[in-house]
Amino acid sequence: MEAEAADAPPGRVQAALSCFSFNQDCTSLAIGTKAGYKLFSLSSVEQLDQVHGSNEIPDVYIVERLFSSSLVVVVSHTKPRQMNVYHFKKGTEICNYSYSSNILSIRLNRQRLLVCLEESIYIHNIKDMKLLKTLLDIPSNPTGLCALSINHSNSYLAYPGSLTSGEIVLYDGNSLKAVCTIAAHEGTLAAITFNSSGSKLASASEKGTVIRVFSVPEGQKLYEFRRGMKRYVTISSLVFSMDSQFLCASSNTETVHIFKLEHLTTSHPEEPSTWSGYMGKMFMAATNYLPAQVSDMMNQDRAFATGRLSFSGQKNICTLSTIQKLPRLLVASSDGHLYIYNLDPQDGGECVLIKTHSLLGSGTTEENKENDLGPSIPQSYAATVARPSTSVASTVPGYSEDGGALRGEVIPEHEFATGPVCLDDENEFPPIILCRGSQKGKSKQS
């Protein structure tokens, strides 16, 4: 759920934001600019609260926050091969690592931190930042496309398996073993994403017309949605709702599409009792005699709901979140605005724009209001998102040559727990080892 805004073409206004990303449970938005980066809370429709802002690192093009914790990962164009991990509430750098080429993307959950380069992926243990595995000789991945399940109990990783086709490699980030390869599309991949439990994987190709959903870890196709037929588009973001009921896709067009994942059934449908029902059954039976491409097109589901943007051609990302007990569609764009829409989870249709926020204003600073660590349990749209307030304090023991903790330095498991945790102010999250590392020729090869 991260986007890097490209430079504007001649004749078009340059993007105000260099990058922007929603956190893992869609409760926070991070933006990067020429001056630095900012973090916002997404707990209210009417008010956009700035949680933190920093101008210490200029020209930021990657910024990722770990859930609602104080851990943030930043990469700057001034040092594109260096990853910096900060504890922003303490104003301290936890660690930094340098790599052999430019960092293209970063993904993290409570168990793993991934650094994606064009031809390799580094897998770190987030609790001590030790390098666990390096996936070398992967197909060239110039956009840094990859996805990591936010469910740390499986930590599945997905990345392109081919430069010319839509093949997806599924990898287990916990056992550090390849799981399977999925032939998802004929064309090159443009977007991949896991649902919150890591049991489903959605993908789209560069054509942007068809979106498919596969089971994990089996790799079986579960759903197929058609975004459009008239033109090819560039999919800029693809994301499940936290309860996995919906799948949202935004592109370089003025329309955001929301698809509904209906419950699958293996039971045979009852015989139609009306003339229209009989004709419908005959029509579907006729598709068996049509060319495969035509038959597939007729069996693909269309969008359940849509959101209309007032612009097209701008880099943007979308997400689905529960704010003040109601389902919302959120779209952040490179022009520096956040758009909030109401979504009808029952009838769908066109989403209603209810608020537009500027991301470049001063905002309301709430450094002490944000909760540090909340549960990643999927919430239904009717449920209130309740995040426990926890805070913890970083320690600075020694570090080993590979950037991990020294032997015997163990980080307590409760500090990365997903449920409610009651800790005092002397245990500020996250207690990660202070380290300086270089990942040039010191990694475990795949």
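The values are calculated or read from the model by the stated rules, or taken from the named source; none is laboratory data. Note that the coordinates shown come from a computational prediction; the quantities given were computed from them, not determined experimentally. For neighbour counting, all protein chains shown are included, and Cβ atoms are generated from backbone atoms with ideal geometry for every residue, glycine included. Accessible surface is based on the protein model in full, side chains and every heavy atom, while ligands, DNA and RNA are left aside. Shrake-Rupley method; radii C 1.70, N 1.55, O 1.52, S 1.80 Å.
Data overview
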{"read-out": "Count - residues of segment 112-139 that are assigned to a loop (DSSP other than H, G, I, E, B), touching a residue at least 24 places away in the same chain (Cβ under 8 Å) and closer than 25 Å to residue 32 by Cβ", "value": "4"}
{"read-out": "Counted residues, segment 210-235 - those being open to solvent by 20 Å² or more (accessible area, probe 1.4 Å) and at pLDDT below 95", "value": "7"}
{"read-out": "Single unsatisfied condition, residue 196 versus (1) touching a residue at least 24 places away in the same chain (Cβ under 8 Å); (2) open to solvent by 20 Å² or more (accessible area, probe 1.4 Å); (3) farther than 13 Å from residue 158 by Cβ", "value": "(2)"}
{"read-out": "Any chance residue 144 is more than 18 Å from the chain's Cα centre (by Cα) and small (Gly, Ala, Ser)", "value": "no"}
{"read-out": "Hits in segment 318-347 - residues which are touching a residue at least 60 places away in the same chain (Cβ under 8 Å), in a loop (DSSP other than H, G, I, E, B) and surrounded by fewer than 22 Cβ atoms within 10 Å (Cβ to Cβ)", "value": "324, 335, 336, 345"}
{"read-out": "Residue 72 vs. criteria part of a strand (DSSP E or B) and modelled with pLDDT of 95 or more", "value": "yes"}
{"read-out": "Some residue of segment 224-240 being in contact with a His (Cβ under 6 Å, 6 or more places away or on another chain) and not in a strand (DSSP E or B)", "value": "yes"}
{"read-out": "Which numbered condition residue 174 fails, given (1) assigned to a strand (DSSP E or B); (2) in contact (Cβ under 8 Å) with a residue 40 or more places away in the chain", "value": "(1)"}
{"read-out": "Qualifying residue in segment 124-138 (condition: within 16 Å of the chain's Cα centre (by Cα) and crowded, with 23+ Cβ neighbours inside 10 Å)", "value": "no"}
{"read-out": "Answer residue from segment 75-99, given it is at pLDDT 95 or above and among the small types (Gly, Ala, Ser) and is most open to solvent (accessible area, probe 1.4 Å) among those", "value": "98"}
{"read-out": "Every residue from segment 19-71 that is under 21 Å from residue 147 (Cα atoms) and acidic (Asp, Glu)", "value": "25, 64"}
{"read-out": "Those residues of segment 96-111 which are in contact (Cβ under 8 Å) with a residue 24 or more places away in the chain and within 23 Å of the chain's Cα centre (by Cα), in sequence order", "value": "96, 97, 99, 103, 104, 105, 106, 107, 108, 109, 110, 111"}
{"read-out": "Residue within segment 172-182 that is within 27 Å of residue 66 (Cα to Cα) and open to solvent by less than 40 Å² (accessible area, probe 1.4 Å) present", "value": "yes"}
